[in-house]
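Working notes for the structure below.
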Amino acid sequence: MYSFISGKIVEKNPAYIVLENQGIGYFINITLNTFEAIGDAAEVKLYIHFAVREDAHTLYGFYEERERELFLLLQTVPGVGYSTARLILSSLTVRETVNAIADNNLKVIQGVKGIGAKTAQRIVVDLRDKVGKISGMEDNSSQHHNNLKDEALYALTVLGFGKTAVEKVIDKLIQQSPDSTVEQLVKNALRML
């Protein structure tokens, strides 16, 4: 629902921030890493996750988009809720968390208050193959190709083409011409579909 909110900082502490945007004050829960990144700024742009539960509607804000991505990935692990994910991202940086998961380093994850051996193991097992996809964590060339592919795939599926067929064609086109733009990919794919 929300991608980001930018505005004037009305109130800030290590647990939350109140941002004023268009006369509305948004109460946004943040991590310590986000708190530190904001520093003394008077205005800020935060990437938002809007959590809807039976008993509350809560905004979570992140200074970097990849921190939000990791927060959402952590939510997919059974037993890791919003509070636990926020605690992990307040205790460790995104890079430290990703490296701990990728390197199967349970001690680093267990070093976060309240994370036991079983939860740490679940996080590593469930996310080991997924953390490399967080933006900024993979090498730039593969990220560039993934963005091209995603944009071209989206454009062609909106036009009514089947996702599987489109993916094969786009992969082939990227291999043949890795420096293609999205527009070139889509035009060439249309000729082949």
**Asked** Quick one: would you say GLU43 is loosely packed, with under 13 Cβ neighbours inside 10 Å and over 19 Å from the mean Cα position of the chain (by Cα)?
**Response** yes
**Request:** Using the structure shown, decide if GLY79 is loosely packed, with under 13 Cβ neighbours inside 10 Å and touching a Ser or Thr at 6+ places or on another chain (Cβ under 6 Å).
**Result:** yes
**Fill in**
Reported set for the stretch 167-193 where residues are in a helix (DSSP H, G or I) and either surrounded by 15 or more Cβ atoms within 10 Å (Cβ to Cβ) or among the hydrophobic types (A, V, I, L, M, F, W, C) (or both) is GLU167, VAL169, ILE170, LEU173, ILE174, VAL182, LEU185, VAL186, ASN188, ALA189, LEU190, MET192
**Request:** Select from the stretch 146-166 the residues that are open to solvent by less than 60 Å² (accessible area, probe 1.4 Å) and not aliphatic (A, V, I, L, M) and write down the one among them that is nearest to GLY132 (Cα to Cα).
**Result:** LYS149
**Asked** So is LEU87 open to solvent by 60 Å² or more (accessible area, probe 1.4 Å), in a helix (DSSP H, G or I) and touching a Lys or Arg at 6+ places or on another chain (Cβ under 8 Å) or not?
**Response** yes
**Request:** Exactly one condition in (1) in contact (Cβ under 8 Å) with a residue 24 or more places away in the chain; (2) closer than 30 Å to ASP179 by Cα; (3) crowded, with 20+ Cβ neighbours inside 10 Å is not met by LEU74; state its number.
**Result:** (2)
**Complete:** Of the candidates ASN21, ASN29, the one satisfying the condition of being open to solvent by less than 40 Å² (accessible area, probe 1.4 Å) and either over 24 Å from GLU96 (Cα atoms) or among the polar types (S, T, N, Q) (or both) is ASN29
**Request:** List every residue pair whose Cβ atoms lie under 7 Å apart, where the two residues are 6 or more positions apart in sequence or sit on different chains, the first residue falls within the stretch 36-48 and is within 13 Å of VAL10 (Cβ to Cβ) and in a loop (DSSP other than H, G, I, E, B), and the second residue, located anywhere, is aliphatic (A, V, I, L, M) and modelled with pLDDT under 95.
**Result:** none
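So, of the residues in the stretch 49-70 that are among the aliphatic types (A, V, I, L, M) and not in a helix (DSSP H, G or I), which turns out to be most open to solvent (accessible area, probe 1.4 Å)?
Start the filter on the stretch 49-70 by keeping residues that are among the aliphatic types (A, V, I, L, M), which leaves 51-52, 56, 59, 70.
In the following step, the residues that additionally are not in a helix (DSSP H, G or I) were identified as 51-52, 56, 59.
Numbers: ALA51: 2, VAL52: 88, ALA56: 29, LEU59: 21 Å².
By that ranking, first place goes to VAL52.
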**Asked** When you go through LYS113, LYS107 one by one, which is the residue that is farther than 19 Å from ARG128 by Cα, out of contact with any Cys (no Cβ under 6 Å at 6 or more places or on another chain) and open to solvent by 40 Å² or more (accessible area, probe 1.4 Å)?
**Response** LYS113
**Asked** Any idea how many residues of the stretch 2-35 are part of a loop (DSSP other than H, G, I, E, B) and among the β-branched types (Val, Ile, Thr)?
**Response** 1
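The values are calculated or read from the model by the stated rules, or taken from the named source; none is laboratory data. These numbers come from a predicted model, not from an experiment. Virtual Cβ from ideal backbone geometry, glycine too; neighbours counted across all protein chains shown. Accessible surface is based on the protein model in full, side chains and every heavy atom, while ligands, DNA and RNA are left aside. Shrake-Rupley method; radii C 1.70, N 1.55, O 1.52, S 1.80 Å.
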